[in-house]
Amino acid sequence: MRVISGKYKGHRLVSPKTDVTRPISDRAKEAFFAMLGDISGLSFLDAYAGSGSMACEAISRGVERAVAVDSDADAIAACTQNAENLGIDSELQIDRQPIIVWLSEGDEQFDIVFADPPFPEIDHAPLGQLSNRSKRVFAYKHPRRKDPVDLDGFKLRKSRRYGDSMISVYIRK
């Protein structure tokens with residue numbers, strides 16, 4: 001796993017030493033960010049962050065600020081190590097707590113929200129609450145056998161398949 005483009009292009013990222021997380025493929029990450037275009041100066045939320053590779057990629061591509069949230073200790077350790085290795089500690093806020101708790105503790109808005117909930121928990125993921133934190137774009141990774149959800153205030157722009165996963169991208173109406 002690596003940073004695909006931008007300031008930190010080519011830098012290797014570490015993955016959590018756990019089978020709880022599924023790192024996003026480089027191909028899927030590259031396609032998602034290509035769909036977004038220029039994200040310079042925007043804010044980014046990486047929910048169910050795992051290694052934080054999406055937040056690291058966003059910072060590499062110019063976002064002003066990113067937040068990575070995950071409840072798994074190994075995931076947070078990998079995310080922290082990636083931030084330190086890239087020298088982006090000041091741009092990446094890392095929070096270790098369940099996403100539902102994090103959502104209840106504030107109401108900060110982000111230009112882009114990306115969620116990658118564990119597939120066994122996908123039916124219980126608070127996608128509506130997460131999408132409410134997005135000012136522009138909401139996207140989430142889900143099993144390809146699951147149809148994208150309908151989200152109030154958003155239009156489904158695109159759903160793309162990557163192996164056994166799909167990424168569905170919504171634009172605020």
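Before moving on, here are some points about what is shown:
- Test: residue in the range 49-63 that is out of contact with any Cys (no Cβ under 9 Å at 6 or more places or on another chain), more than 18 Å from Asp116 (Cα to Cα) and either basic (Lys, Arg) or surrounded by fewer than 16 Cβ atoms within 10 Å (Cβ to Cβ) (or both): yes
- Some residue of the range 33-46 being surrounded by fewer than 22 Cβ atoms within 10 Å (Cβ to Cβ) and at positive phi: yes
- When residues of the range 112-143 are limited to those that are within 17 Å of Ala28 (Cβ to Cβ) and in contact with an Asp or Glu (Cβ under 6 Å, 6 or more places away or on another chain), the one modelled with the lowest pLDDT: Lys141
- Helices (runs of 4 or more DSSP H) lying entirely in the range 6-99 (those with 2 or more residues that are hydrophobic (A, V, I, L, M, F, W, C) and closer than 23 Å to Arg161 by Cα): 26-36, 53-60
- Scanning the range 154-166 for residues that are at pLDDT 95 or above and either among the hydrophobic types (A, V, I, L, M, F, W, C) or in a loop (DSSP other than H, G, I, E, B) (or both) gives Phe154, Leu156.
A quick yes/no check of all residues on (1) closer than 19 Å to Met35 by Cα; (2) buried (at least 24 other Cβ atoms within 10 Å of the Cβ); (3) out of contact with any Pro (no Cβ under 7 Å at 6 or more places or on another chain); (4) of a type in the set (Asp, Glu):
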{"position": "Ser104", "(1), (2), (3), (4)": "no, no, yes, no"}
{"position": "Asp107", "(1), (2), (3), (4)": "no, no, yes, yes"}
{"position": "Ser131", "(1), (2), (3), (4)": "yes, no, yes, no"}
{"position": "Phe138", "(1), (2), (3), (4)": "yes, yes, yes, no"}
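- Among the candidates Lys155, Lys146, Lys141, residue that is touching a residue at least 24 places away in the same chain (Cβ under 8 Å) and over 13 Å from the mean Cα position of the chain (by Cα): Lys146
- Qualifying residue in the range 87-104 (condition: at pLDDT below 95, more than 21 Å from His142 (Cα to Cα) and of a type in the set (Lys, Arg)): no
- Test result for Gln97, under 12 Å from Ala49 (Cβ atoms), out of contact with any strand residue (DSSP E or B) (no Cβ under 6 Å at 6 or more places or on another chain) and surrounded by fewer than 17 Cβ atoms within 10 Å (Cβ to Cβ): yes
The values are calculated or read from the model by the stated rules, or taken from the named source; none is laboratory data. Note that the structure is predicted; figures quoted are calculated from it, not measured. So basically every Cβ, Gly included, is an ideal-geometry build from the backbone, and we count neighbours across all protein chains shown.
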